[in-house]
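Accompanying notes for the structure given below.
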Amino acid sequence: MRVLILGGDGYLGWPTAMELAAAGHDVTVLDNYLRRNVAQETNSEALIASPNLVERARVFKEVAGPTIEVIIADCTHYQQMADAFVRCEPEAVVHYAEQPSGPYSMSSYRGAHLTLNNNLNATFNLIWAVLEHAPDCHIIKLGTMGEYGTPNIDIEEGWINIEHKGRSDRFLFPRQAGSLYHTTKIFDTDLLWFYVRTHGLRVTDLMQGPVYGLTTAESILDPRLAPNFHYDDIFGTVVNRFLVQAVAGMPLTVYGAGGQTRGYLNIKDTLQCVGLVLANPAARGELKILNQFTESLSVNEIAERVRRAGMELDLEVQIQALPNPRKELEEHYYNPTLSGLLDLGLKPHYMTNEVLGEMLEVVGAHRDQIRRDIVMPRVRWNTDG
Ligand code: USQ
């Protein structure tokens, strides 16, 4: 299949590109290096420096064989997006081209505005590029479990049937996010749902939880193909941060009471899920929504697992509760449904002692590059203390 990956330089975009190219798809990646620029601006660079996209594609071809086409373009400029569609004629498009950091979206007017502007305009331009140039193209949109928030009822898979005054109907499951970034993903869903209803787009929305991991089947072929592994407070997700903190001998930064529970998944499972959805597209006029995680864990449970895995490598891992820089429930009910992706054939890689141990060893090999000054939280959700 001809597949266009928007945000192909990102933590997930680049590994997805390699995986799909290795599976025989005809892959084009598009990116404008937004995340690299914001990471540089906020002093949040990844643990392992990665070459630019053109160089990554060149290395991948050299070590693995397939060609990945590279387009450096900005999804918020409609003409640039449209030109990419004309050049690539995609049968499927994977949309990762969003500012993905909750903390960055809460950091300042600039952070909030950039997140809102980038994420909504990219999604809107994608919709129009599909309508005008590839109306049959399957849009695979990376959404987030964070759109649902932490409601005191079971989280369904995208939709809920509501009975009201003797009548019933099916609606999008209520959404109430905890950061502006997560809220932009809700807006994305509404935009896509509108155009699915009115123009018959075919869309799969993957409601993904926080991802962890730093190796995939293709990235291990050459160190220059590694995903951008962030561990700072802005771009680093909690498991990746804890792995680095454990190796650096810093206490694990549990925010608040640590009962915050989310659905996590290994980066290898992100790639598996995208592959499964590519092979099972939504129909014309269908918005298919799938919850994408493999296990629900609290921050305290993750810290404990990392501590145990660290012990086996003779790392003395301390756990430290910090005042929570975010506004979120620290103890809550959490019971999301997970069935659609399992039905499609997902075989989860769980966060076992062995998996954590392997990741600690990879991080350990880069111990000297760890910058301790970018680990503690720098962004608070509210400025009134
Ligand atoms: N947390 C800590 N200590 C830390 C870092 C985080 O206790 O050092 C806590 C947070 O307060 C939160 C939980 O861990 O309760 C998860 O935080 P995170 O930073 O790993 O993930 P989040 O901000 O929710 O965002 C990440 C990705 C985002 C994706 C989302 C999926 O950055 O792009 O959409 O995970 S989800 O959380 O399901 O919305």
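The values are calculated or read from the model by the stated rules, or taken from the named source; none is laboratory data. Small disclaimer: the values here were computed from a predicted structure and weren't measured. Neighbour counts run over all protein chains shown; Cβ positions are idealised from the backbone, glycine included. Accessible surface areas use protein heavy atoms only, side chains included; no ligands, DNA or RNA. Shrake-Rupley method; radii C 1.70, N 1.55, O 1.52, S 1.80 Å.
Results, tabulated for the structure shown:
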quantity	calculated
Selection count, the range 103-141, where residues are assigned to a helix (DSSP H, G or I), open to solvent by 10 Å² or more (accessible area, probe 1.4 Å) and in contact with a helix residue (DSSP H, G or I) (Cβ under 7 Å, 6 or more places away or on another chain)	10
Condition broken by T42, with the remaining ones in (1) free of Cβ contacts under 8 Å to residues at least 40 places away in the same chain; (2) touching a Phe, Trp or Tyr at 6+ places or on another chain (Cβ under 7 Å) satisfied	(1)
Close pairs (7 angstrom Cβ cut-off, 6 or more residues apart or separate chains): on the phi > 0 side of the Ramachandran plot in the range 224-243, within 9 Å of the ligand (Cβ to nearest atom) and outside any loop (DSSP other than H, G, I, E, B) anywhere	none
Residues of the range 232-251 classified as near the ligand (Cβ under 6 Å from one of its atoms) and assigned to a helix (DSSP H, G or I), total	2
Among residues of the range 201-216, those that are more than 8 Å from the ligand (Cβ to nearest atom) and within 16 Å of G10 (Cα to Cα), counted	5
Test: residue in the range 158-167 that is touching a residue at least 40 places away in the same chain (Cβ under 8 Å) and either more than 16 Å from the ligand (Cβ to nearest atom) or not charged (D, E, K, R) (or both)	yes
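Conditions tested, residue by residue: (1) within 30 Å of V3 (Cβ to Cβ); (2) part of a loop (DSSP other than H, G, I, E, B); (3) away from the ligand (no atom under 11 Å from the Cβ).
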{"site": "T253", "(1), (2), (3)": "no, no, no"}
{"site": "R262", "(1), (2), (3)": "yes, no, no"}
{"site": "E331", "(1), (2), (3)": "no, yes, yes"}
{"site": "L341", "(1), (2), (3)": "yes, no, yes"}
